[in-house]
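Engineer: I have a structure here, written as structure tokens, and I will follow up with some questions on it.
Bear in mind these aren't lab numbers, they're just calculated from the coordinates by the rules spelled out. From a predicted model like this one, the values you see are computed outputs, not experimental measurements. Positions of Cβ are generated from backbone atoms using ideal geometry, with glycine treated the same way; all protein chains shown enter the neighbour counts.
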Amino acid sequence: MQVHKLMDIRRMYKSLLHSQNNIVQSTDLATACVCENLFKLSYPYGVISGKEDDFVVADTVHEIMSLIALKIVPEHWKYGATKDEIEPIVRSIELDSESIIQQAIQKTRDRVQSEGRRNKPLDHNFEYDIRDRVYGILTGLTRRIMKKFECPNRVVTEITITNVSKFHEGTVDAIFEYQDKQYGLVDWKTYDLNPANGSGKEKWQLLANLLLANYRYAGNEDEWTNCLFGSIIFYEGAFVPRLPLTEKAILKIKKERQFAYDMLCGFNPKPERPDFCAVCDIAKTKTAEECYRYHQESYLAKIGQIPADYDRVRRFTLATRYKICRERGETYRHKFVISQMIQEYGEQEALNLLEYAKIIHRNYRFEKVVDGIENNSESLVYLVKKDSADKQFYLEPRKIVRIIRKEDNIPLLACVSKSVSIHDAKPHILTVDFRRYTALQHSIEQLFYGDPNSYELIVIPDEINLTRRMLYPLHKLHRLAADIMVPDFVFDNNSVTSPSSINGVMNGVRS
Ligand code: SF4
């Protein structure tokens, strides 16, 4: 092993400025496509939009779909399904999925209760809501996708794809794989019953994810030849854009990706408000109110109308938020190093070097799921060394790692994978925790299927991204300071958030 190559790894780790290791998630990129100001409200301002109450339901429906789309949906696939066949197909999928649905509902109930973080119990419609949304998604899938496309050879779900060279990452709900490396991509819209029109965010997210799917199968985000379809499945329907995408749409995604990256890295690009303000011109949302307040405040700061005491607090919270965004890049440092090594030496040699440098770990195979009753946990798995003579181990309990199942002809960071925490590390056995029962079931189907000696598992370092959790309290602090220190001066909670008032402030800021 050449020493200079190992030195290269060290040099890369050192030379990567954490502020520039940032990666833009498809969901955030979609926000920037809707409105750059809206993105700035999330990063760096830390405003959280969305319906939190609905999140548990949407999350559980996602978990259910991620499991039943793998095998049960293809088993019931009927190409060209007629109108009369839709209902029976959906009911038969539901019937075969009953135990998965029941388990997912029960595990969510248990989790919400044990975490105790919601101060109100789950809505009494919780189970009905979940079943109804699963029914709606399956109907949309059968009516639009099954009708038009043949049964896929394989389905992968909840797959995280990272294209480091384009600083882009996203988790795709499902990809349907066909012969000759053809594929179709599907996102489930589980958080409400409306079609995918609203602000347009879901559509942008789908288009951004299509670029990632192109990267997974062709190694190039601009290679559309084998992409059969992309779709958002919503309640009893689907949005299926015409492919290939227009040049204008692709350019827009790339422009906003650069904007989001620059913002996260702290280069502070100037956001532009869209000509038509898709959020605030349609509905007076909470986010629109925050947009108005922050713009009003920066305008007043610019003309020197902010009291000095409050201005100090304001500057402090803003500076801290920008710093947190830059440090978010630390989360992705390992992926940057792995990707750069692969670019420099090719995948095989880079993996050998990274393994030798103890950055990645390769000698493990899936052994078994750990008995939940004995261990008081339902999400543990044993991975054992393939070579029992190898007694060295370098992983420590509580570290977060990503387990990748290497797939042929697919870039390493686009292969199926799952983030886990290390529960215990011994010379032969690594015990990993998938944190949730459903995540473990999903991994058994997608990561650990087949003869454990016939595929390779690669363990890479990973981190949990806590940026949003750190930014939100600073946003609250900022608001609290305004309410206490300048209660009547700067903001009025019932302030008019009409487009004309926002325009007035925006014009003031621009002038
Ligand atoms: S209120 Fe308008 S300008 Fe502000 S974030 Fe919303 S869409 Fe953008």
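Engineer: If you line up the Cα atoms of the chain on their principal axes, what length do they span on each, largest first, in Å?
Structural biologist: 71, 67, 49
Engineer: Right, another one. Would you kindly state how much longer the chain becomes between Glu98 and Asn465 on full extension, computed as 0.36 nm times their sequence separation minus their alpha carbon distance, in nm to one decimal?
Structural biologist: Numbers: separation 367, 0.36 × 367 = 132.12 nm, distance 3.36 nm.
This chain segment gains 128.8 nm when fully extended.
Engineer: Something else about it: Using the Karplus curve 6.51 cos²θ - 1.76 cosθ + 1.60 with θ = phi - 60°, work out ³J(HN,Hα) for each residue of region 413-419 in order, rounded to whole Hz, and write x for Gly and Pro.
Structural biologist: For region 413-419, the Karplus curve yields 7, 10, 6, 4, 7, 8, 8 Hz.
Engineer: Using the Cβ atoms and a cut-off under 15 Å, what net charge is assigned to the surroundings of Ala425, where Lys and Arg are +1 and Asp and Glu are -1?
Structural biologist: Numbers: positive: Lys358, Lys385, Lys391, Arg398, Lys399, Lys426; negative: Glu367, Asp390, Glu396, Asp424, Asp433.
Result for the neighbourhood of Ala425: +1.
Engineer: Output needed for region 331-461: three equivalent-ellipsoid semi-axes, defined as square roots of 5 times the C-alpha gyration tensor eigenvalues, in descending order, whole Å.
Structural biologist: Details: eigenvalues 115, 50, 41 Å².
Taking √(5λ) for each eigenvalue gives 24, 16, 14 Å, largest first.
Engineer: What number, in percent, do you get for the relative contact order of region 331-461 if the mean sequence gap of Cα pairs under 8 Å and at least 6 apart is divided by its residue count?
Structural biologist: That works out to 28 percent.
Engineer: Name the residues whose placed amide hydrogens come within less than 5 Å of the amide hydrogen of Val24, ignoring near sequence neighbours (fewer than 5 apart) on the same chain.
Structural biologist: Counting only residues 5 or more places away or on other chains, the set is His168, Glu169.
Engineer: How high is the relative contact order of the chain, in percent, with contacts defined as C-alpha pairs under 8 Å that are six or more residues apart? Can you show the working numbers first?
Structural biologist: Numbers: 804 pairs, mean separation 103.6, N = 511.
Relative contact order for the chain comes out at 20 percent.
Engineer: Taking the Cα-to-Cβ direction at Arg154 and at Thr82 and moving 7 Å from each Cα, how far apart do the two end points lie in nm?
Structural biologist: 3.5
Engineer: Please order Ile23, Ile86 by the number of other Cβ within 10 Å, starting at the fewest.
Structural biologist: Values: Ile23 23, Ile86 20.
Arranged by neighbour count, lowest to highest, Ile23, Ile86 become Ile86, Ile23.
Engineer: Would you pull out the residues with amide H under 5 Å of Asp187's amide H, same chain only if 5 or more places away, H placed 1.01 Å from N?
Structural biologist: Ser231, Ile232, Ile233
Engineer: May I ask you to evaluate 6.51 cos²θ - 1.76 cosθ + 1.60, the Karplus curve with θ = phi - 60°, for each residue of region 98-106 and list the ³J(HN,Hα) values in order in whole Hz, giving x for glycine and proline?
Structural biologist: These are the phi-based 3J(HN,Hα) values: 3, 5, 5, 4, 4, 4, 4, 5, 5 Hz.
Engineer: In addition: What is the distance in Å between the Cα centroid of region 432-491 and that of region 207-222?
Structural biologist: Here the two parts' Cα centres lie 24 Å apart.
Engineer: Within 10 Å, count the other beta carbons around each residue, average over each peptide in 450-456, 401-407, 206-212, and list them highest first. All intermediate terms of the calculation are to be shown ahead of the outcome.
Structural biologist: Details: 450-456: 11.6, 401-407: 20.0, 206-212: 25.0.
Sorting 450-456, 401-407, 206-212 by mean packing, highest first, produces 206-212, 401-407, 450-456.
Engineer: About its Cα centre, how strong a charge dipole does the chain have in debye, to the nearest 20, once Lys and Arg get +1 and Asp and Glu get -1 at the Cβ?
Structural biologist: Details: 71 positive and 70 negative charges, 302 e Å.
The calculation lands at about 1460 debye.
Engineer: Something else: Amide H of Ile159: which non-local residues (sequence gap of 5 or more, or other chain) have their own amide H closer than 5 Å, using H built in the peptide plane?
Structural biologist: Residues meeting the criterion, in which the H sits 1.01 Å from N, are Val172.
Engineer: What are the ³J(HN,Hα) values, in whole Hz, obtained from phi via the Karplus relation 6.51 cos²θ - 1.76 cosθ + 1.60 with θ = phi - 60°, for each residue of region 309-323 in sequence order, with x given for Gly and Pro?
Structural biologist: My calculation for region 309-323 gives 4, 5, 4, 5, 4, 4, 5, 4, 5, 5, 4, 5, 5, 4, 5 Hz in order.
Engineer: I need the peptides 420-428, 5-13 ranked by packing, meaning the mean over residues of other C-beta atoms within 10 angstrom, with the highest value on top. Mind dumping the intermediate values first?
Structural biologist: Values: 420-428: 16.6, 5-13: 14.7.
So the order, starting with the most tightly packed, is 420-428, 5-13.
Engineer: Let me ask you something else. Only sites in a loop by DSSP and with at most 14 other Cβ atoms within 10 Å count here; which trypsin sites (Lys or Arg not before Pro) in region 196-274 make the cut?
Structural biologist: Values: sites: Lys201, Lys203, Arg216, Arg242, Lys248, Lys252, Lys254, Lys255, Arg257; in loops: Arg242.
Counting only loop positions with at most 14 other Cβ atoms within 10 Å, the trypsin sites (Lys or Arg not before Pro) in region 196-274 are Arg242.
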